[in-house]
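Here the structure comes first, spelled out in structure tokens, and everything after it is commentary.
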Amino acid sequence: MIKMTINGEKVQLFQPLDAMEYCQVSDATISRWRREGFLEGIPVGRGFVYTKQQLDECLSIRNKDREDMEVTHG
């Protein structure tokens, strides 16, 4: 993880391995989320980095999708 200050605001940038660990998913899943538009990435060289806010927003969307798909039996 890279910590930096941008315009006076402290920002944590997650490299792909950090993002995988933070979200507890595989590299393929992170890439798929980015391609499908669930996760924004910041292009750096040939790869991407992610802010904590971007990862949290993506996880929130994915968790809501799962909740909407749950079927209750009763």
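The values are calculated or read from the model by the stated rules, or taken from the named source; none is laboratory data. Since we're looking at a predicted model, the values are computed, not measured. Counting neighbours? That spans all protein chains shown, and the Cβs are built from the backbone with ideal geometry, glycine included. Ligands, DNA and RNA are stripped out before the accessible areas are found, and what is left, the full protein with its side chains, is counted by its heavy atoms. Shrake-Rupley method; radii C 1.70, N 1.55, O 1.52, S 1.80 Å.
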Going by the conditions given, is Glu21 open to solvent by 80 Å² or more (accessible area, probe 1.4 Å), out of contact with any Phe, Trp or Tyr (no Cβ under 7 Å at 6 or more places or on another chain), modelled with pLDDT of 85 or more and part of a loop (DSSP other than H, G, I, E, B)? no
Can you give me the number of residues within the range 14-34 that are farther than 12 Å from Gly47 by Cβ and among the aliphatic types (A, V, I, L, M)? 3
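Residues checked against (1) modelled with pLDDT of 90 or more; (2) assigned to a helix (DSSP H, G or I):
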{"site": "Leu13", "(1), (2)": "yes, no"}
{"site": "Ala28", "(1), (2)": "yes, yes"}
{"site": "Arg32", "(1), (2)": "yes, yes"}
{"site": "Gly37", "(1), (2)": "yes, no"}
{"site": "Glu40", "(1), (2)": "yes, no"}
{"site": "Gln53", "(1), (2)": "yes, yes"}
{"site": "Cys58", "(1), (2)": "yes, yes"}
{"site": "Asp68", "(1), (2)": "no, yes"}
{"site": "Thr72", "(1), (2)": "no, no"}
